[in-house]
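The structure appears right after this line, and notes come after that.
The values are calculated or read from the model by the stated rules, or taken from the named source; none is laboratory data. Being a predicted model, the structure only gives us computed values, none of them experimental. For neighbour counting, all protein chains shown are included, and Cβ atoms are generated from backbone atoms with ideal geometry for every residue, glycine included. Accessible surface areas use protein heavy atoms only, side chains included; no ligands, DNA or RNA. Shrake-Rupley method; radii C 1.70, N 1.55, O 1.52, S 1.80 Å.
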Amino acid sequence: MTTDWSYAPTRDRLRPGQSPDTAFFWSGCDDHRLLIQRCADCGVLRHPPGPACPVCHSLESDHVEATGRGTLYSFAVHHYPPVQGFDGPAVVGLVELDEGVRMVSNIVGSDPGSLHIGDRVKVFFLDQEEGWSVPQFTVIAPAGATS
Ligand SMILES: [Zn+2]
């Protein structure tokens, strides 16, 4: 597979806001680990992180490390207006991780016109100039391929 990185985002993004519920996620990204919140009582995984389990309403949670692999569930291509930290059209993807939760992230390394629902994707971490990292996904196999 030929990789075209012309759609890769730049390294000067605005840092996302953090809360006590999301701090573990961003700390994991800084260590290049994709962490998913897990209910400490019933074990359900959830993303984005939040204070309470939507299933059993427990306020106790921990996290697990994801494989970083998933499937492109949906996506949109952002063309305008320009956004700091993005160079050219940016693909905003909804990735369904193999663990079963969905995560919004950028899909980079492919011409947006070549993307398809069902493409297999894998996470990588884009280090920002200010010393933090953001998860991004790239296609590793087209939809329908066995991987
Ligand atoms: Zn629960």
Out of segment 119-147, which residues are aromatic (Phe, Trp, Tyr) and part of a strand (DSSP E or B)? Phe124, Phe125, Phe137
Looking at segment 103-117, which of the residues that are exposed (fewer than 15 other Cβ atoms within 10 Å of the Cβ) and free of Cβ contacts under 8 Å to residues at least 60 places away in the same chain is nearest to Phe24 (Cα to Cα)? Val104
Kindly evaluate Gly17 against the criterion of being without any contact (Cβ under 8 Å) to a residue 12 or more places away in the chain, part of a loop (DSSP other than H, G, I, E, B) and within 10 Å of the ligand (Cβ to nearest atom). no
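Any chance you could count how many residues in segment 50-64 are open to solvent by 50 Å² or more (accessible area, probe 1.4 Å) and of a type in the set (A, V, I, L, M, F, W, C)? Outline the logic, then answer.
Here is the first cut: in segment 50-64, the ones open to solvent by 50 Å² or more (accessible area, probe 1.4 Å) are 51, 54-57, 59-63.
With the extra rule that they be of a type in the set (A, V, I, L, M, F, W, C), the set shrinks to 55-56, 59.
The total comes to 3.
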Selection within segment 41-100 - acidic (Asp, Glu) and more than 16 Å from the ligand (Cβ to nearest atom): Glu65, Asp87, Glu96, Asp98
Within segment 65-102, work out how many residues are loosely packed, with under 13 Cβ neighbours inside 10 Å and in a strand (DSSP E or B). 3
Looking at His78 and the list (1) free of Cβ contacts under 8 Å to residues at least 60 places away in the same chain; (2) within 16 Å of the chain's Cα centre (by Cα); (3) closer than 26 Å to Thr22 by Cβ, which single condition is not satisfied? (2)
Output the residue which, of all residues in segment 96-116 that are among the charged types (D, E, K, R) and touching an Asp or Glu at 6+ places or on another chain (Cβ under 8 Å), is farthest from His47 (Cα to Cα). Asp111
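When you look at Arg33, is it open to solvent by 60 Å² or more (accessible area, probe 1.4 Å), within 15 Å of Pro135 (Cα to Cα), without any contact (Cβ under 8 Å) to a residue 40 or more places away in the chain and more than 16 Å from the ligand (Cβ to nearest atom), yes or no? Reasoning before the result, please.
Numbers: open to solvent by 60 Å² or more (accessible area, probe 1.4 Å): yes; within 15 Å of Pro135 (Cα to Cα): yes; without any contact (Cβ under 8 Å) to a residue 40 or more places away in the chain: yes; more than 16 Å from the ligand (Cβ to nearest atom): yes.
It is true that Arg33 is open to solvent by 60 Å² or more (accessible area, probe 1.4 Å), within 15 Å of Pro135 (Cα to Cα), without any contact (Cβ under 8 Å) to a residue 40 or more places away in the chain and more than 16 Å from the ligand (Cβ to nearest atom).
Mind listing just one residue for me: the one in segment 1-53 that is among the basic types (Lys, Arg) and closer than 19 Å to Val92 by Cβ and, of those, modelled with the highest pLDDT? Full working, then the answer.
Let us first name the residues in segment 1-53 that are among the basic types (Lys, Arg), namely 11, 13, 15, 33, 38, 46.
Now restrict to residues that are closer than 19 Å to Val92 by Cβ: 11, 13, 15.
Details: Arg11: 71, Arg13: 83, Arg15: 86.
By that ranking, first place goes to Arg15.
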